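The values are calculated or read from the model by the stated rules, or taken from the named source; none is laboratory data. A quick note: this is a predicted structure, and the numbers were derived from the prediction, not measured. Ideal geometry is used to build each Cβ from the backbone, glycine not excepted, and the neighbour counts take in all protein chains shown. In case anyone asks, the SASA skips ligands and DNA or RNA and just uses the protein heavy atoms, side chains included. Shrake-Rupley method; radii C 1.70, N 1.55, O 1.52, S 1.80 Å.
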Amino acid sequence: MLAIIGGSGLTQLSNLDVLERRVIRTPYGEPSGILSFGCISGRDVLFLPRHGYGHSIPPHRVNYRANIWALKECGVRRVVSVASVGGIRAGLNPGDIVIPHQIMDYTWGRKNTYFNGNDALVTHVDFTHPYDENLRRQLVLSATTAGIPIQDGGVYAATQGPRLETAAEIDRFERDGAAVVGMTGMPEAVLARELELAYAALNPVANHAAGRGESAGKIHFEHLGEILQEAMSRVRMIIEGVIHLV
Ligand code: HPA
């Protein structure tokens, strides 16, 4: 089964016919919300809003371990993460959709592994290619088939939040090779890898990152709604298409 983890701007999947909502408890605590089981174009899909249904859980307080564990327990094999980002790479504009291929992790203090060594052997999971390449290709194919332009590839810089970055931090991320910046990509991606779930991301650009474009002086986060909503309708179309590609 395919799961969608929705971020800001995608707290519901309007094309999902919900058949059942289930409360799941895990050894790591409670996921961000009730899991919605449903169908899109006749295929089973599970939806989980990363920040809770009222968008009340900030990025650094999301229980990523409970979320990914709950998906695994429900029989999920593939996870598409939807998470809005700030655009760093020149030419990336609000409304663009990036399907990243690499991650740099600048977060700290998050519970970022299931392998704490207490009751299992020390495990170093391979994370050379953090996103599942098959699922990435399926997302790209779904978008191109639907005629939706996307950016295929890019390095996602994961920051701690909840504050936005300084312009100097964004300059550093760019020197490090980052194309986009967001607050939720890690440890979500590595936890999915630890549980052997195929994981890939759709990252709609909500704003130019700090110090760039219209964010040169300040990021007007409160104005981002409209652009993001329009991008999310394209994100939904990409998801609809990917469901049939297994
Ligand atoms: N920085 C970090 N996370 C974000 C941004 C940003 O500029 N925009 C949307 N999520």
For this session: Roll a 1.4 Å probe over the protein chains and send me the accessible area per residue for the chain in Å².
Result: 46
For this session: Sort all Cα-Cα distances of the stretch 46-129 into consecutive 10 angstrom bins from zero, then give the percent of pairs in each bin up to the one containing the longest distance.
Result: 12, 36, 39, 12, 2
Exercise. Over all Cα pairs of the chain, how is the pair count split among 10 Å bins, expressed in % and running from 0 up to the last occupied bin?
Worked result: 8, 34, 38, 18, 3, 0
Seminar exercise, completed: Residues meeting the amide H criterion for Ile103 (H placed from the backbone, H to H distance under 5 Å, 5 or more places apart or on another chain) are Tyr156
Seminar exercise, completed: Stretched fully, the stretch from Gln160 through His60 gains (0.36 nm per residue minus C-alpha distance, one decimal, in nm) 35.4 nm
For this session: Taking only Cα atoms and a 10 Å spring cutoff, compute GNM fluctuations for the chain and point out the largest among Ala178, Ala167, Ala206.
Result: Ala167
For this session: Would you mind telling me the share, in percent, of accessible area of the stretch 47-164 contributed by carbon and sulfur at probe 1.4 angstrom?
Result: 52
Seminar exercise, completed: Rounded to the nearest 0.05, FRET efficiency between Ala216 and Arg172 (Cβ-Cβ, R0 25 Å) equals 0.90
For this session: Would you mind working out the magnitude of the charge dipole of the stretch 2-243 relative to its Cα centre, with +1 at each Lys and Arg C-beta and -1 at each Asp and Glu C-beta, to the nearest 20 Debye?
Result: 300
Exercise. How are the C-alpha pair distances of the stretch 130-207 spread across 5 Å bins, as whole percents from the shortest bin up?
Worked result: 3, 13, 21, 22, 19, 13, 7, 1
For this session: Along Cα→Cβ, 7 Å out, is where each label goes; now give me the distance between the ones at Asp17 and His124 in nm to one decimal.
Result: 5.0
Exercise. If one puts a single equal scatterer on every Cα of the stretch 82-215 and applies the Debye formula without solvent, what log₁₀ I(q)/I(0) results at q = 0.10, 0.11 Å⁻¹?
Worked result: -0.34, -0.41
For this session: Using a 10 angstrom cutoff on alpha carbons, build the Gaussian network for the chain and name the most mobile of His223, His51, His124.
Result: His124
Seminar exercise, completed: Residue-normalised 222 nm signal for the chain, counting each DSSP H run of n ≥ 4 as -39,500 (n - 2.57), nearest 500 deg cm²/dmol, is -7000 deg cm²/dmol
Seminar exercise, completed: the chain, Gaussian network, Cα under 10 Å: of Val85, Val76, Val125, the residue fluctuating most is Val125
